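The values are calculated or read from the model by the stated rules, or taken from the named source; none is laboratory data. What you see is a predicted model, and the numbers here were worked out from it, not measured in a lab. Neighbour counts run over all protein chains shown; Cβ positions are idealised from the backbone, glycine included. Quick note on the areas: whole protein, heavy atoms, side chains included, nothing else; ligands and nucleic acids left out. Shrake-Rupley method; radii C 1.70, N 1.55, O 1.52, S 1.80 Å.
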Amino acid sequence: MAQVRIQHSLSDGEKNYLSGRKLCVQKCLVKNNIPCTLSKVPNIAILGSGGGERAMVGLLGSLSQMGEAGLLDAALYMSGVSGSTWCMASLYEKPNWSSDMEQIKVVAERLGHGSVSRKERVWHLIGYYRANFFNFSLTDVWSALVVPEIVKKIDKSTLSNYQKCHDKDPYPIYTVINQDCKYEHLQRETFFELTPHEAGYTLAGAFVETSDFGSIFNKGVLTRRKPEMDMTYLQGLCGSALADKEVILKILKEWLEGGENMKALKDHKGVQLLSTVVDLQLCQYTVCDPAPLLKTANELLLGKMGLDGCMLQLNFDGKNSADQNEQIQTVTSAASKFFFEWNKDLVNLEVREELDVFVKTLDKVTEKSPDKLVGGGSKVDELLKKFIDRVKQEAVALQSHAGPRLMLQVLELYYGIHREEDWTHLVVELNTLLKAPHIDKRLLQSETTHFEDAGLLVNSPYMSALRHEREIDLIISFDFSAGNPMETLTETAEECKDLGISFPKIQYTKSDVSSPKGFYVFKGLKKAPTVIHIPLFNVDNCGSKLEDYRKKYGTFQGAYSPEMIEDLIKKAGENVLNNKETLLRVIKDIIEQK
């Protein structure tokens, strides 16, 4: 019977895979004049960051040159975020692709000249809807309509298929994050990974077989099996920036301020109201003062009726976010009507359609989830309830600590027994918590889990390589991020400090941010792995044209031309070509230290 595996250990499938892969690593090192015994073979992980098609093509170029240099087989693992997972999925379509490297040329050619028709993409979306209409979301739309347009293929295979047809490639790890835990700052429960054998929480230690990911479990036991997601959906999930409410709101705000059809209507009261409503929603994430926004909104709403005929007014004082969301949703639902009331002569149908999509999207974002409140009866019930609420409040600052969560579980069990309710499930959950105190009660009680692009937290899959069971000695991080080229390093260092995970000391200068070099080595001490950090665009491969390259290859733009793809593959490859000897020297030093 399939069930959740709660344990800090690698799956048997991963262990077996690695035993064979280490033989490939040993042979690769010997070919590069680095002899070592099998017991001293270093555990090396290649990481690919997010960055849309730039990351996909950049990783393709980096791996191509790793192969040309005879270094690709030195990697035991390959892990990706967002756009890098698109590259991984395309390469792993072919069994043992890293042995002959021909697949890299095939993928590059497909990106430059391939296409997937709109009809094919729409039919694939309809298939997603029919298979999973109860949980149909923007991720389905993104996966079926947008991802195939970028990667130029609809891949209907599954990740668990990798178990049977790959035995000479780096072990692949796809990463996402738990959106709910991200917003609740439950760090250990936030990071999630998918491998050919298991899917689960990287640091918290809870896993299911990959073929069962997406199925329904009750108290850790599989109760309803659902079909495994295909690789097209997995790529959409890994790059699902639009699954995040904060991101959607920011995009909607940018659209209101900069959309071609909205520029001419920026002074329109309807647009101003919608913009203010979005800003109020964003306040939940930026912790800004809503008072000025409330004043603006109420001035715009003055004399306006809601759909129920009541006067509309926003007042968040002393109310929780659920109440705020309900008020915002009411105003948003009426906003489209106000828009046309304020301009009855508006005949621009394109604007009308865009606004309708906008309002529906915002309605979805502000949808209220009903609270589940426990009722109270006797005086003892009331006191227990107040005590439980107090513990919950105190536990907010200690989300990563098992003590408060365990105390809360015991209190709720006592509360259930006192009220003569069915408390057997609480005993099961309590025992689970005692067996695995690192798993937050939030995960044990949640009926559904919402995953999204891991790049929305940290734009590189470091945590998958820092999972202590993998005993990684060297991380080779190809960073294709926009903006600060050192950001993923500093963010990971901060996360590791909070979580008590060993990570090298990260030091760099201001010039490394504005004009990064093409190769950085941060040596690991004690249990920390050594980290090689390789920014895509740098002064070594771009020279004085560094800013030109950054502007040319944006994260959100149309598909790259064949010429752009060829150029980007070459630029990314130069970072490996220019530093091959340094990379080999680092590997040799690590072996000598083992």
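Applying 1/(1 + (r/R0)^6) with R0 = 56 Å to the Cβ-Cβ distance of Asp589 and Asn298 gives a FRET efficiency near 0.30. Surface analysis of region 535-589 yields an accessible area of 54 Å² per residue, using protein heavy atoms and a 1.4 Å probe.
In terms of Cα atoms, the Rg and Dmax of region 26-158 work out to 17.7, 57 Å.
Using a Förster distance of 51 angstrom, determine the FRET efficiency expected from the C-beta separation of Gln557 and Glu581, and round it to 0.05. Calculated value: 0.90. Plainly put, region 471-567 has a radius of gyration that is 1.03 times its Kirkwood radius, both from alpha-carbon atoms, as the Rg/Rh ratio.
In this rough spin-label picture, where each label sits 7 Å from Cα along the Cβ direction, the Ile216-Ala2 distance is 1.4 nm.
Taking a temperature of 10 °C and a viscosity of 1.306 mPa s, what whole-number D in µm²/s does Stokes-Einstein yield for region 2-102 with Rh from Kirkwood over alpha carbon pairs?
Numbers: Rh = 15.0 Å.
Reported coefficient: 106 µm²/s.
The calculated FRET efficiency for Lys527 paired with Lys156, based on their beta-carbon distance and R0 = 51 Å, is about 0.75. For region 118-234, dividing the convex hull volume of the Cα atoms by the residue count gives 134 Å³ per residue. Model label sites at Glu102 and Val513, defined 7 Å from Cα along the beta-carbon direction, differ in position by 4.8 nm.
Modelled label positions at Glu469 and Glu494, each set 7 Å beyond Cα in the direction of Cβ, lie 3.0 nm from each other. The convex hull drawn around the Cα atoms of region 182-246, when projected onto a plane and averaged over every direction, covers 5.2 nm². Here the accessible area is traced with a 1.4 Å probe on the protein chains. For region 468-594, carbon and sulfur cover 49 percent of it.
Per residue, how much accessible surface does region 27-74 expose to a 1.4 Å probe? Answer in Å², no decimals. Intermediate results must be reported in sequence, preceding the final value.
Details: 1460 Å² over 48 residues.
Accessible area per residue: 31 Å².
Once the piece of chain linking Ser502 and Thr449 is laid out straight, how much longer is it, given 0.36 nm per residue of separation minus the C-alpha distance between them? Before the final figure, lay out each step's value.
Details: separation 53, 0.36 × 53 = 19.08 nm, distance 2.87 nm.
Here the segment from Ser502 to Thr449 would lengthen by 16.2 nm.
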